[in-house]
Amino acid sequence: LERLREGLARSSGQLSGQITALFTKRRLDEATLQEFEDVLIQADLGVETALRITDRLSEGRFGKEITGSEVRAILADEVEATLRPVAVPLELDLEKKPHVILVVGVNGTGKTTTIGKLAAKLTRGGLKVTLCAGDTFRAAAVEQLKIWGERTGSEVIAKAIGADAAGLAFEAYDAAVANGSDVLIIDTAGRLQNRTELMAELEKIVRVLQRREPDAPHTVLQTLDATTGQNALSQVEIFRNVAGVNGLVMTKLDGTARGGILVAIAAKYRLPVYFIGVGEGIDDLEPFKAREFAMAIAG
Ligand code: GDP
């Protein structure tokens, strides 16, 4: 939590400073509202949300003096209202044995690390987890996943580089059934360079899994890197279409985070945000909490 606050403080500090500067001894007029709207858009909150917040702000206050802290309180409330519907816990259907989680996202956004942290959480909760090294393009990704497997006591199903990812996922499913796993987490390649290939590969993974379990994958989790700002929005658009994403994790909120983008994504896509990443360590995955996040953003 501290790290989320510190991380977001870098961007929200700026936002907070701008609010203070803007609402010092000024009556709330059209020009101020317009400037405030620009500030919110620059903070990645999105046009729709920025408009809603300025509308809310002007209600009953137009022409009156308003302080920075009043504005921050209203901002926090509005951001929280947008985030609350998406701040839901990840539910596993443990009847499935295994519940299959497919993890997708652009390379470098934190797929492998998030899988490791998630495996740690689940195994600590007494669940048995199998990991599938489905990013068969990058040796480093396979090696990283093996390390996470050792750390969490989870079996890792992997093959040589260049192996067919769908075939591997199929084998991993059978291995997870055989070893009695509650959860199977599948890593994937996130190469955006060739979108047709990416789509074909993800579709094939889903298709082969469904030969064993018609409802698989039960969760399709996309990782988003908070430091990429606006880019995250188009990444959701792509992977939602290509892979049927039904949940998000935003990583690197401890860094030079621009958490505002999560508000824009929540407003636009309404996809559940299950966790946030606040560091590279095993414990640095936290459930997403709307109020805390909103307070951190509003400064
Ligand atoms: P992948 O390519 O999507 O599998 O991404 P990785 O899991 O390999 O992560 C890319 C880099 O980001 C690695 O150096 C990770 O340690 C780092 N990383 C992942 N999540 C976080 C996070 O929440 N905070 C920070 N600071 N770094 C992270």
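The values are calculated or read from the model by the stated rules, or taken from the named source; none is laboratory data. Since the model is a prediction, treat every value here as computed from it, not as a measurement. Neighbour counts are summed over all protein chains in view; Cβ atoms, including those assigned to glycine, are modelled from backbone coordinates with ideal geometry. For accessibility, only protein heavy atoms count, side chains too; no ligands or nucleic acids. Shrake-Rupley method; radii C 1.70, N 1.55, O 1.52, S 1.80 Å.
Miscellaneous remarks
- Yes/no for V86 being open to solvent by 20 Å² or more (accessible area, probe 1.4 Å) and under 30 Å from D215 (Cβ atoms): no
- D215, sole failed condition from (1) closer than 29 Å to A158 by Cβ; (2) modelled with pLDDT of 95 or more; (3) buried (at least 24 other Cβ atoms within 10 Å of the Cβ): (3)
- Taken over the stretch 170-195, the residue count meeting the criterion of being open to solvent by 30 Å² or more (accessible area, probe 1.4 Å), more than 18 Å from D135 (Cβ to Cβ) and of a type in the set (S, T, N, Q) is 1.
- From the list Q235, Q222, the one residue that fits, being touching a residue at least 60 places away in the same chain (Cβ under 8 Å), open to solvent by less than 50 Å² (accessible area, probe 1.4 Å) and touching a Phe, Trp or Tyr at 6+ places or on another chain (Cβ under 7 Å), is Q222.
- Every condition in (1) in contact with a Gly (Cβ under 6 Å, 6 or more places away or on another chain); (2) surrounded by 22 or more Cβ atoms within 10 Å (Cβ to Cβ); (3) more than 24 Å from G46 (Cβ to Cβ) holds for G105 except the one numbered (3).
- The number of residues in the stretch 199-241 being under 17 Å from the mean Cα position of the chain (by Cα) and not in a loop (DSSP other than H, G, I, E, B) comes to 21.
- Restricting the stretch 118-147 to residues that are in contact (Cβ under 8 Å) with a residue 12 or more places away in the chain, open to solvent by 10 Å² or more (accessible area, probe 1.4 Å) and farther than 19 Å from L198 by Cα leaves a set whose member that is nearest to the ligand (Cβ to nearest atom) is Q144.
- The listed residues are R211, R207, and the only one of them that is more than 26 Å from L51 (Cα to Cα) and touching a Phe, Trp or Tyr at 6+ places or on another chain (Cβ under 9 Å) turns out to be R211.
- Counting the residues of the stretch 16-41 that are under 13 Å from T67 (Cβ atoms), open to solvent by 70 Å² or more (accessible area, probe 1.4 Å) and either free of Cβ contacts under 8 Å to residues at least 12 places away in the same chain or not in a loop (DSSP other than H, G, I, E, B) (or both) gives 2.
- Matching entry among G299, G279 (being open to solvent by 10 Å² or more (accessible area, probe 1.4 Å), in contact with a helix residue (DSSP H, G or I) (Cβ under 7 Å, 6 or more places away or on another chain) and within 29 Å of G153 (Cα to Cα)): G279
- Helices (runs of 4 or more DSSP H) (entirely within the stretch 79-188) containing at least 2 residues that are among the polar types (S, T, N, Q): 111-124, 139-152
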